[in-house]
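The values are calculated or read from the model by the stated rules, or taken from the named source; none is laboratory data. Keep in mind that this is a model prediction, so the values were computed, not measured. All Cβ positions, even for glycine, are placed from backbone atoms using ideal geometry, and neighbour counts span all protein chains on display. Note: areas computed on protein heavy atoms with side chains; ligands, DNA, RNA excluded. Shrake-Rupley method; radii C 1.70, N 1.55, O 1.52, S 1.80 Å.
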Amino acid sequence: MNIVLLDSGTLPVPLTPPAWASEWSARPATRAAEVVHALEDAVIAITNKVPIRAADLKRLPKLRFICIAATGFDCIDIDACRESGVVVSNVPGYSAQSVSEWALASIFALRRNLFAYREAARIAWPGSPNFCVHGAPILDIAGSTLGIIGRGAIGNSLARLARAVGMNVVFAEHRGRTTIREGFTSFDDVVRSADVISLHCPLTDATRNLIDAATLRTMKRGALLVNSARGGLVDSAALAETLMSAHLGGAALDVLPQEPPDPHEPLLTCAHPNLIVTPHISWAATHAANRLNAGIEANLAAFHAGAPINVVNGA
């Protein structure tokens, strides 16, 4: 079987080609316009974030399997794959520990204003009349309320870590839903009451710009927003404006609506002192990268054996 990896440059640890592959091509990156050419002879495609859409599938009659080198699968036209008989598998749960640790670390950094005090140590401390320098407020973690939107592997992992350090954890129900499931709190109540909101839900038509200007204004004054899920969940311009208005206490983002981002992306040019933006690496701890590769290899082997696993476009 001919296997093509469309974006090997996104993987921290190189994949090992399976022994049964008749041909293996690992492309560091593939533009959307190159997808059909890259996959024209492929039976199996591996992609992390390179989109494969319905128009591409119509021109790829040999393609039988897409292995997503990630958990989220919004880059794939799932319905078109189902109609074309192309099996799609993902790698669930591999990054839960890594992403949840990034989220909790960000909460610590923001609540305790670590970056402001790093600067204070360099600039204000040498000339201080006292042994310490007071400035930005320092807030404890214990006793604060964490609202989690999304109750999958990552959301549950973060809840476990947060409870261990004394946070009160609430899970948000879907926005607009009037029937509240056991163990959940209404979306509006979570937004109004949480000291920290952390996003761990997929990007769909229903969740795009879930955190918009109106939602941001509803959040508690001084609250924090953390997003390690998908950039499209948050209205970037509205978040930057809300931060600079001093309504929010800070934000941590590992994802942006466009990746790689435009240099003029509002959250890259925002000068708020308690804003953290990292380049989509919350998932990339070494242990998680090794688990991802093991999951990809297992998906490939299962498809080759005629018994696909982790299928996301089944009937």
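Being farther than 28 Å from THR10 by Cα, in a loop (DSSP other than H, G, I, E, B) and either open to solvent by 10 Å² or more (accessible area, probe 1.4 Å) or in contact with a strand residue (DSSP E or B) (Cβ under 7 Å, 6 or more places away or on another chain) (or both) narrows it down to one residue among ALA214, ALA206, ALA271, ALA229; which is it? Lay out the reasoning, then the answer.
Details: ALA214 fails: in a loop (DSSP other than H, G, I, E, B); ALA206 fails: farther than 28 Å from THR10 by Cα; ALA229 fails: farther than 28 Å from THR10 by Cα.
ALA271 is the lone residue from the list that is farther than 28 Å from THR10 by Cα, in a loop (DSSP other than H, G, I, E, B) and either open to solvent by 10 Å² or more (accessible area, probe 1.4 Å) or in contact with a strand residue (DSSP E or B) (Cβ under 7 Å, 6 or more places away or on another chain) (or both).
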Counting only residues that are part of a loop (DSSP other than H, G, I, E, B) and either in contact (Cβ under 8 Å) with a residue 24 or more places away in the chain or open to solvent by 40 Å² or more (accessible area, probe 1.4 Å) (or both), how many does segment 186-203 have?
6
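Would you mind finding the one in PRO279, PRO257, PRO263 that is closer than 30 Å to THR30 by Cα, in a loop (DSSP other than H, G, I, E, B) and in contact with a Gly (Cβ under 8 Å, 6 or more places away or on another chain)? Quick ask: steps written out before the conclusion?
Working: PRO279 fails: in contact with a Gly (Cβ under 8 Å, 6 or more places away or on another chain); PRO263 fails: in contact with a Gly (Cβ under 8 Å, 6 or more places away or on another chain).
Result: PRO257 is the single residue among PRO279, PRO257, PRO263 that is closer than 30 Å to THR30 by Cα, in a loop (DSSP other than H, G, I, E, B) and in contact with a Gly (Cβ under 8 Å, 6 or more places away or on another chain).
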List every residue pair whose Cβ atoms sit under 9 Å apart, with the two residues 6 or more apart in sequence or on different chains, where the first one lies in segment 14-42 and is among the polar types (S, T, N, Q) and the second, anywhere, is part of a loop (DSSP other than H, G, I, E, B).
SER22/MET1; SER22/VAL43; SER25/ALA42; THR30/LEU6; THR30/ASP7; THR30/VAL50
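Do you know which residues across segment 67-97 are β-branched (Val, Ile, Thr) and open to solvent by 50 Å² or more (accessible area, probe 1.4 Å)?
Passing the criteria: only THR71.
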Can you tell me which residue among GLY222, GLY183, GLY166, GLY176 is in contact with a Pro (Cβ under 9 Å, 6 or more places away or on another chain), part of a loop (DSSP other than H, G, I, E, B) and open to solvent by 10 Å² or more (accessible area, probe 1.4 Å)?
GLY222
